[in-house]
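Just below is one structure, and these are the notes that go with it.
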């Protein structure tokens with residue numbers, strides 16, 4: 001169905017667009033509040049700046065159109081091929097170590113080997129950025145050493161160090177291109193969902209080994225090939241690690257997802273207040289700067305492959321909680337930004353939410369028994385039907401916009417830890433007494449707010 005048809009029918013009062021094929025359609029800046037796009041194919045659709053309050057996207061399929069996904073796969077293969085080419089180029093310098101007739105080549109080969117070893121170690125422990133920084137520092141160190149000792153060495157050795165600098169510079173560039181190519185190729189392929197490391201690796205290795213110097217001896221050729229394969233494997237591992245939110249390569253993920261969401265479904269700056277994406281697919285979807293107030297992501301798929309910017313979805317553990325609200329039992333969300341989060345029915349029993357921001361969040365029928373809610377900000381938070389028995393409410397920040405209707409609560413504590421008298425200020429004071437139905441709400445409004 002064309003966007004023009006949808007908008008015309010919407011203006012006529014129709015709200016049910018379940019299962020429609022909306023691939024590549026543009027609803028940029030349009031108002032489609034209360035519409036139902038459950039089960040619709042919205043791949044490549046543009047909802048930029050659209051008003052989508054209370055819209056249902058349950059089981060909807062977002063992401064890139066099929067033709068663009070195929071293009072991304074081809075790009076991934078090309079990047080992998082490029083990385084293999086440069087990995088082999090970088091490793092080929094190592095062969096010079098085995099040139100016993102030329103000291104210049106041996107010095108250059110040793111420099112290349114040192115560079116590769118440093119890159120491997122630092123990249124593994126400190127991420128790609130750390131590895132590349134270490135390579136640059138090593139290059140600078142070799143340059144300084146060459147300048148210092150140049151005047152006291154024979155011309156042949158000075159030439160060897162100069163050649164070593166040239167080799168090192170080329171190795172450094174080759175490593176950067178090889179690593180970048182493999183990381184982008186592997187990660188973009190993972191986002192595309194059709195390419196795996198096992199499929200791309202044979203091509204990478206074949207190209208890497210093909211450019212190893214043909215004149216080298218068998219032993220030196222094996223060393224070069226091993227180096228090329230090692231660079232490829234390490235780079236592929238770094239790409240995989242970046243997509244798994246590893247803090248060592250956290251800076252890579254936004255770059256990869258930015259590339260992988262080109263042409264995908266866009267909710268950029270859209271108003272998704274109270275929208276429902278239960279069991280929807282989000283691969284290659286742009287959610288940057290979207291208003292996600294009380295947006296439901298229950299059992300959403302591939303949300304980790306969406307471009308989320310600085311929304312609350314940026315933290316993996318927050319995404320996991322929104323996707324699976326029952327996973328919050330005894331978990332720690334201290335100081336976490338859950339502003340506007342939809343946690344209806346969540347199991348946060350005994351969870352630590354101290355100093356968390358729950359402003360505008362929805363926790364209807366949530367289990368907060370025994371939870372630590374001390375110093376939590378719950379302005380305009382919907383706790384209707386929530387269970388709060390045994391929760392700690394020390395210095396929690398609420399006002400009359402906080403909804404406490406039908407809260408199930410027998411008693412609460414006003415102190416996180418016992419005071420000098422061993423009391424946590426249980427309410428009601430008498431340990432044998434419990435709140436009656438509706439009494440908790442009255443006590444809160446009369447004693448805490450006023």
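Since every read-out is calculated from the coordinates, none of them should be taken as a lab result. Predicted, not measured: the structure shown is a model, and the values here were computed from it. Cβ: placed from backbone, ideal geometry, glycine included. Neighbour counts: every protein chain shown.
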Label point 7 Å beyond Cα of residue 324 along Cβ direction - residues of region 273-310 with amide nitrogen under 14 Å: 298-304
Expected sort for 291-297, 1-7, 426-432, 124-130 on mean C-beta neighbours within 10 Å, highest first, is 291-297, 124-130, 1-7, 426-432
Students often check this: by mean Cβ neighbours within 10 Å, which of 241-248, 298-305 ranks highest, and how do the rest follow? 298-305, 241-248
Hey, can you rank 110-117, 398-405 by average C-beta count inside 10 Å, highest first? 110-117, 398-405
So if each residue of separation counts as 0.36 nm, and I subtract the Cα-Cα distance between residue 436 and residue 399, what length gain in nm does that give? 11.1 nm
Two-site label geometry, residue 34 and residue 67: point separation in nm, points 7 Å out along Cα→Cβ: 3.7
In nm, the gap between the two label points placed 7 Å beyond Cα toward Cβ at residue 3 and residue 129 is 3.6
Which residues among region 335-363 fall inside the zone where the amide N is under 16 Å from a point 7 Å beyond the Cα of residue 408, along Cα→Cβ? 344-350, 363
Hey, any idea what the orientation-averaged projected area of the convex hull of region 268-309's Cα atoms comes to, in nm²? 2.5
Efficiency of FRET between residue 443 and residue 316 - r from beta-carbon atoms, R0 45 angstrom, step 0.05: 0.75
Per 0.36 nm of contour for each residue apart, how much would the distance between residue 240 and residue 299 grow if the chain were fully extended, relative to their Cα-Cα spacing? 18.9 nm
Isotropically averaged projected area of region 388-430, using the convex hull of Cα atoms (one quarter of hull area), nm²: 3.5
Using alpha carbon centers only, region 229-298 is separated from region 304-381 by a whole-angstrom value of 20
Cα-based Rg of region 324-450 normalised by 2.2 N^0.38 Å, two decimals: 0.96
